[in-house]
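The values are calculated or read from the model by the stated rules, or taken from the named source; none is laboratory data. Quantities reported herein were computed from a predicted structural model and do not represent experimental measurements. Glycine gets a Cβ as well: all are built from the backbone with ideal geometry, and neighbour counts include every protein chain shown.
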Amino acid sequence: MALSVVMPALEMAQETGKLVAWRKQEGDRVVKGDVLLEVETDKAVIELEAAGDGILAGVNAQAGAVVPVGQTIAWIVAPGEVPPPEIAPAATARRTTAAAPAAPVATTSASVPAAAEAKISPKARRLAKERGIDISRLRGSGPGGEILAADILAAAPPSASTPPEAEALSSVARLMAERTTQSWTTVPHFFLVRELDATALVEARKQMLQTIEKTGGVRPTLTDFLVALVARVLTKHPQMNSSWTGSAVRQNPEVNIAIAMAVKDGVVGAVIPGANRLGLADIAAQRSALTERARAGKLRPADIAGATFTVSNLGMYNVDAFIAIITPPQAAILAVGRVADRVVPVDGKPGIRPMMTLALSSDHRAVDGARAAEFLNDVAEAFREPREWLP
Amino acid sequence: MPDAAPRELTFAQAIREALAEEMRRDSRVCIMGEDVAEAGTPFKVLSGLVEEFGKERVLDTPISEAGFTGLAVGAAMTGLRPVVDIMFGDFITLTMDQMVNQAAKVHYMSGGTWKVPMVMRTTLGATRRSAAQHSQSLHAWFCHVPGLKVVLPSTPYDAKGLLKAAIRDENPVVFFEDKMMYKQKGPVPAEEYTIPLGLADVKRAGSDITLVATSSMVQVALGAADLLDQAGISAEVVDPRTAWPLDEHTLIESAKKTSRVIVMDEGYERYGVTAEIASVIAAGAFYDLDAPVKRMGAMHVPIPFSPPLEDVTVPTEQTVFEAARALCGRS
């Protein structure tokens, strides 16, 4: 007696199954347990075994077909036996758009009509899939009748759920994305955080502001002070002013401080070369010119080359403290938060002081925690006694 | 502050200025080749350099490309930074063993002990009525070899910035100049700059089709883009600037944006630079392509001496325009 081979229900709520491939072909002798075919569900491809011995016959679904669960797709018959006549060609079986070319299975009844598939561009196919459009209903507008993206878009405008297309990046934005990814994924960062009393720093700036503004014509910012002080402290800590070369640590002969500056599409490090040898007025003048060029999008290649250490100040954005990503091949970056009044112990009593938080990110291949801590300590000392460093 | 009017240089002047600046900057940089000294090459690209830098650093060689290229490889390995001049790109065939088996491999085979920081400058381009042995664009030959970088500048600005970067590179770089472009003018700032190898440049932004073009084909693509604009098709022109390293990211992103791409290069189309770039785009932007990636290059024939025949062997503004229109379904 003939045994039917049916599309199995492998999961709850499964309505159809996709016939991936026949492992036996029409007319093959099969033994119970032989793998007859492979069926794909949403989750997996499984093998369907023969339920009894006999000859595989009456195959009516081809590889690629999506068949309703429970439908008979073939029979196992005794030698000489004819499959039951009631098996009609699987009218409901349809070729999916993504069907592999029909396997060269020798079928007797060749049940599925090989409907000529419309040609469709890869982009149009993707869009149709995303928007759930049946391309068999579309007429293509391509030179040879191909279905193009425009045909899909005309058939279904993007739904609200379609994620908006990402905007193409400018080169600054792209470079920022690439550099920060490279740094974050390849440079072993470690972080040291230090809070300090900025009273002296604020005072020093007040005292020096007018003289410098009068003589130099530029008003020095807190960042200028930080650059001047950090550059001078760096000369005592050459390891913080070094670069990991891939096999060794190179100490950079110059102290070139980059200042992280926001530009239209991202951030750039504008460089003040030899900042350790420059006075505040010179640093302020250079920083001011760099800021202007950065805002106008006219930074020159030399303006952003050769930095050995970066200072990033987000105080003006009212950030209390933050951790920055190193710009290789520099070994470190100092992230500076805002100066804000805090209640702190002063001589054993609560007092109000302008406080700031520094966070130093260092490349552990170039420098270790103890040395970075010594550097950060000296930076904090310099910030507490700025007049000793900036006569 | 208003900027002063940008300074303009010819392509040849930009090359000469890059060489002069690098020779002033670094005493190890020297030039060797045929007719490079007093003659300043047949294209007059190097005029004046021997007067400034002397015959020790601007060295006229015998007509023996294999010989003086080998000389340059050795000089580069032992501390100089030679810039070799191969008058016609067709003659690179004579330098192949030195470039492919020595220059390209020494760094690798010596475990990084030896470097070959040399530049080979040579030419490409047809339509100069120079016949089949002086008109080829053979840069694809070098692109095929790991260890060589290949630069294809298309403007005076790019030529200067890329040549300076090539001279400072620690590896052998082959630098192809279009013979027909030497007199083309363009803005070149007086101040110092270099252009990193491996960074493409979008020469014109557009939304309907991407024209990827190298070297001599960039001007053709820009001309075709003007024609397309009049036909209501917005073409983006992307210049990879270096065939290797190749800025795959920019090429793929442009293809994703426009969905249609023509890749053009003056080398032979078959097995050429266009094939590699088209393949990169097809793989990277497959699900955003609305048409097959089309390639346009030199026909698979010896470049004819006959002017009417020579002119049809390479893509022109008109042929690119027609191909682009057809690809956009507007022919």
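Only residues that are crowded, with 18+ Cβ neighbours inside 10 Å, within 14 Å of chain A (Cβ to nearest Cβ) and farther than 14 Å from B:Glu269 by Cβ: list them for the range B:296-324, please.
The answer is B:Ala324, and nothing else.
From the list A:Asp368, A:Asp341, A:Asp320, A:Asp363, which residue is in the same structural domain as A:Thr186 (by TED's automatic domain parsing) and buried (at least 22 other Cβ atoms within 10 Å of the Cβ)?
Every option except A:Asp363 fails the conditions.
So is B:Gln102 away from chain A (no Cβ under 14 Å), farther than 30 Å from A:Lys298 by Cα, buried (at least 23 other Cβ atoms within 10 Å of the Cβ) and polar (S, T, N, Q) or not?
Working: away from chain A (no Cβ under 14 Å): yes; farther than 30 Å from A:Lys298 by Cα: yes; buried (at least 23 other Cβ atoms within 10 Å of the Cβ): no; polar (S, T, N, Q): yes.
Here the answer is no, as B:Gln102 does not meet what is asked.
Does the range A:179-204 hold any residues that are surrounded by fewer than 17 Cβ atoms within 10 Å (Cβ to Cβ) and in a loop (DSSP other than H, G, I, E, B), and which are they?
Selection gives A:Pro188 alone.
Any idea which of A:Arg194, A:Arg219 is in contact with a strand residue (DSSP E or B) (Cβ under 8 Å, 6 or more places away or on another chain) and of a type in the set (D, E, K, R)?
Checking each option against the conditions leaves just A:Arg194.
Under the condition of being outside any loop (DSSP other than H, G, I, E, B) and in contact with a Ser or Thr (Cβ under 8 Å, 6 or more places away or on another chain), which residue from the range A:326-364 is farthest from A:Met316 (Cα to Cα)?
A:Ala332
Check off (1) aliphatic (A, V, I, L, M); (2) closer than 18 Å to A:Glu178 by Cα; (3) within 14 Å of another protein chain (Cβ to nearest Cβ) for A:Val263 and give me the number that stays unchecked.
The one condition A:Val263 does not meet is (3).
Within the range B:81-99, take every residue that is surrounded by 19 or more Cβ atoms within 10 Å (Cβ to Cβ) and among the aliphatic types (A, V, I, L, M) and give me the one that is nearest to B:Ser27 (Cα to Cα).
Filtering first and then ranking leaves B:Val83.
Can you tell me which residues in the range B:193-207 are within 11 Å of another protein chain (Cβ to nearest Cβ) and farther than 13 Å from B:Asp158 by Cα?
Result: B:Ala205, B:Ser207.
Can you name the residue in the range A:116-146 that is charged (D, E, K, R) and not in a helix (DSSP H, G or I) and, of all such residues, is nearest to the other protein chains (Cβ to nearest Cβ)? I'd like the intermediate steps shown before the answer.
Let us first name the residues in the range A:116-146 that are charged (D, E, K, R), namely A:117, A:119, A:123, A:125-126, A:129-131, A:134, A:137, A:139, A:146.
Narrowing further to those that are not in a helix (DSSP H, G or I): A:117, A:119, A:134, A:139, A:146.
On the way: A:Glu117: 17, A:Lys119: 11, A:Asp134: 19, A:Arg139: 14, A:Glu146: 8 Å.
The qualifying residue nearest to the other protein chains (Cβ to nearest Cβ) is A:Glu146.
Rundown of residues vs (1) under 14 Å from B:Val150 (Cα atoms); (2) within 22 Å of the chain's Cα centre (by Cα), yes/no style:
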{"site": "B:Met99", "(1), (2)": "yes, yes"}
{"site": "B:Val106", "(1), (2)": "no, no"}
{"site": "B:Lys115", "(1), (2)": "no, no"}
{"site": "B:Met118", "(1), (2)": "yes, yes"}
{"site": "B:Ser130", "(1), (2)": "no, yes"}
{"site": "B:Leu138", "(1), (2)": "yes, yes"}
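Among the residues of the range A:284-300, which ones are free of Cβ contacts under 8 Å to residues at least 24 places away in the same chain and among the basic types (Lys, Arg)?
The answer is A:Arg293, A:Lys298, A:Arg300.
So if I check each of B:Glu38, B:Glu34, B:Glu21, B:Glu52, which one is in contact with a helix residue (DSSP H, G or I) (Cβ under 9 Å, 6 or more places away or on another chain), closer than 22 Å to B:Leu148 by Cβ, of a type outside the set (A, V, I, L, M, F, W, C) and assigned by TED's automatic domain parsing to the domain that holds B:Glu177?
B:Glu34
Output the number of residues of the range B:257-279 satisfying the condition of being crowded, with 21+ Cβ neighbours inside 10 Å and either within 9 Å of another protein chain (Cβ to nearest Cβ) or farther than 21 Å from B:Leu222 by Cα (or both).
Residues in the range B:257-279 being crowded, with 21+ Cβ neighbours inside 10 Å and either within 9 Å of another protein chain (Cβ to nearest Cβ) or farther than 21 Å from B:Leu222 by Cα (or both): 2 in total.
On the given criteria, is A:Ala332 under 25 Å from the mean Cα position of the chain (by Cα), assigned by TED's automatic domain parsing to the domain that holds A:Asn276 and buried (at least 22 other Cβ atoms within 10 Å of the Cβ)?
In short, yes.
Exactly one of (1) buried (at least 24 other Cβ atoms within 10 Å of the Cβ); (2) free of Cβ contacts under 8 Å to residues at least 60 places away in the same chain; (3) out of contact with any Pro (no Cβ under 8 Å at 6 or more places or on another chain) is unmet by B:Asp239. Its number?
(2)
Go through (1) touching a helix residue (DSSP H, G or I) at 6+ places or on another chain (Cβ under 7 Å); (2) farther than 23 Å from A:Ala340 by Cβ; (3) among the charged types (D, E, K, R) for A:Glu254 and report which single condition fails.
(1)
Determine whether A:Val267 is aliphatic (A, V, I, L, M) and modelled with pLDDT of 90 or more.
no
Among the listed residues A:Gln207, A:Gln239, identify the single one that is out of contact with any Pro (no Cβ under 7 Å at 6 or more places or on another chain), in the same structural domain as A:Gly306 (by TED's automatic domain parsing), modelled with pLDDT of 90 or more and not in a strand (DSSP E or B).
Among A:Gln207, A:Gln239, only A:Gln239 is out of contact with any Pro (no Cβ under 7 Å at 6 or more places or on another chain), in the same structural domain as A:Gly306 (by TED's automatic domain parsing), modelled with pLDDT of 90 or more and not in a strand (DSSP E or B).
Residue by residue through the range A:344-358, note down the ones that are out of contact with any Lys or Arg (no Cβ under 8 Å at 6 or more places or on another chain) and either at positive phi or hydrophobic (A, V, I, L, M, F, W, C) (or both).
Once the filter is applied, which keeps residues that are out of contact with any Lys or Arg (no Cβ under 8 Å at 6 or more places or on another chain) and either at positive phi or hydrophobic (A, V, I, L, M, F, W, C) (or both), the range A:344-358 yields A:Asp347, A:Gly348.
Going by what's in this entry, would B:Val218 be described as among the β-branched types (Val, Ile, Thr) and within 13 Å of chain A (Cβ to nearest Cβ)?
On the way: among the β-branched types (Val, Ile, Thr): yes; within 13 Å of chain A (Cβ to nearest Cβ): no.
No.
Is it true that some residue in the range A:102-115 is modelled with pLDDT of 85 or more and surrounded by 16 or more Cβ atoms within 10 Å (Cβ to Cβ)?
Going residue by residue through the range A:102-115, those that are modelled with pLDDT of 85 or more are none.
There is no residue in the range A:102-115 that is modelled with pLDDT of 85 or more and surrounded by 16 or more Cβ atoms within 10 Å (Cβ to Cβ).
Return the only residue of A:Ser161, A:Ser171 being at pLDDT below 85, within 30 Å of A:Asn241 (Cα to Cα) and among the small types (Gly, Ala, Ser). Please lay out each step first, then the result.
On the way: A:Ser161 fails: within 30 Å of A:Asn241 (Cα to Cα).
Sole residue among the options that is at pLDDT below 85, within 30 Å of A:Asn241 (Cα to Cα) and among the small types (Gly, Ala, Ser): A:Ser171.
For (1) touching a Phe, Trp or Tyr at 6+ places or on another chain (Cβ under 9 Å); (2) closer than 29 Å to A:Thr245 by Cβ, each residue gets a yes or a no:
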site: A:Pro328; (1), (2): yes, yes
site: A:Ala331; (1), (2): yes, yes
site: A:Ala335; (1), (2): yes, yes
site: A:Arg338; (1), (2): yes, no
site: A:Val344; (1), (2): no, no
site: A:Ile352; (1), (2): no, no
site: A:Met355; (1), (2): no, no
site: A:Ala380; (1), (2): no, no
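Test of understanding: among B:Gly161, B:Gly147, which residue is assigned to a loop (DSSP other than H, G, I, E, B) and either at pLDDT 95 or above or outside the structural domain of B:Thr113 (by TED's automatic domain parsing) (or both)?
Only one candidate passes the filter, namely B:Gly147.
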